[in-house]
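Every number here is computed from the coordinates shown, using simple stated rules; none is lab data. These numbers come from a predicted model, not from an experiment. Methodologically, a virtual Cβ is constructed for each residue, glycine included, from the backbone with ideal geometry; neighbour enumeration extends over all protein chains shown.
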Amino acid sequence: MDQSGAVPWRPPRVCDDYWSEFRHCKSLWNRFHHYYTHGTSPSCKQWKVDYRNCSEWEKHKTIEAKEALQASERCRVAEQRKFPPVWNLRKDPPRDWNLPLNQGKPQD
């Protein structure tokens, strides 16, 4: 290790998080939910590969494990950003935002 005072690289998640995600992915409830929602069985291989790469990095600090883990996280973030937001954000509040609500009056 160099003594330059630079902060050493750490995985974006704790290795146990990858293992927890893998176990959750393999659970019966998640498989049923994923099949019901998407019509296919979930692929859990990437979580296991990420766990192995994280463990490899923690034990031996190999550059290959670091780069594979970084690439996997980048792909995961890119996949999440693919989908547009559900709600349209408004620029300004409604004009009558400060008026009292009609709570006591019946609505027609």
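Let's see how each residue does on (1) of a type in the set (Phe, Trp, Tyr); (2) part of a helix (DSSP H, G or I):
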residue	(1), (2)
LYS48	no, yes
CYS54	no, yes
TRP57	yes, yes
VAL86	no, no
ASP96	no, no
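Is it the case, given these coordinates, that TRP57 is aromatic (Phe, Trp, Tyr), exposed (fewer than 10 other Cβ atoms within 10 Å of the Cβ) and over 30 Å from TRP29 (Cα atoms)? Steps first, answer last, please.
Details: aromatic (Phe, Trp, Tyr): yes; exposed (fewer than 10 other Cβ atoms within 10 Å of the Cβ): no; over 30 Å from TRP29 (Cα atoms): yes.
Here the answer is no, as TRP57 does not meet what is asked.
Scanning region 13-22 for residues that are surrounded by 14 or more Cβ atoms within 10 Å (Cβ to Cβ) and either touching a strand residue (DSSP E or B) at 6+ places or on another chain (Cβ under 8 Å) or in a helix (DSSP H, G or I) (or both) yields CYS15, ASP17, TYR18, TRP19, SER20, GLU21, PHE22.
Residues in region 23-36 include at least one that is surrounded by 14 or more Cβ atoms within 10 Å (Cβ to Cβ), part of a helix (DSSP H, G or I) and in contact with a His (Cβ under 8 Å, 6 or more places away or on another chain).
For region 94-108, indicate whether the set of residues that are of a type in the set (A, V, I, L, M, F, W, C) and touching a Phe, Trp or Tyr at 6+ places or on another chain (Cβ under 6 Å) is non-empty. Even if it seems obvious, please write down each step before you answer.
As a first pass, look at region 94-108 and keep what is of a type in the set (A, V, I, L, M, F, W, C): 97, 99, 101.
Next, from what is left, pick out any that are touching a Phe, Trp or Tyr at 6+ places or on another chain (Cβ under 6 Å): none.
No.
Counting residues in region 37-48 that are touching a residue at least 40 places away in the same chain (Cβ under 8 Å), surrounded by 11 or more Cβ atoms within 10 Å (Cβ to Cβ) and touching a helix residue (DSSP H, G or I) at 6+ places or on another chain (Cβ under 8 Å) gives zero.
Applying the criterion of being closer than 30 Å to GLN46 by Cα and charged (D, E, K, R) to the residues of region 77-103, the residue that is surrounded by the fewest Cβ atoms within 10 Å (Cβ to Cβ) is LYS82.
Conditions (1) touching a Phe, Trp or Tyr at 6+ places or on another chain (Cβ under 8 Å); (2) outside any helix (DSSP H, G or I); (3) of a type in the set (A, V, I, L, M, F, W, C), marked per residue:
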position	(1), (2), (3)
SER43	no, yes, no
LYS66	yes, no, no
LEU69	yes, no, yes
GLU79	no, no, no
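Screening ARG10 against (1) assigned to a loop (DSSP other than H, G, I, E, B); (2) surrounded by 14 or more Cβ atoms within 10 Å (Cβ to Cβ) leaves a single unmet condition, (2).
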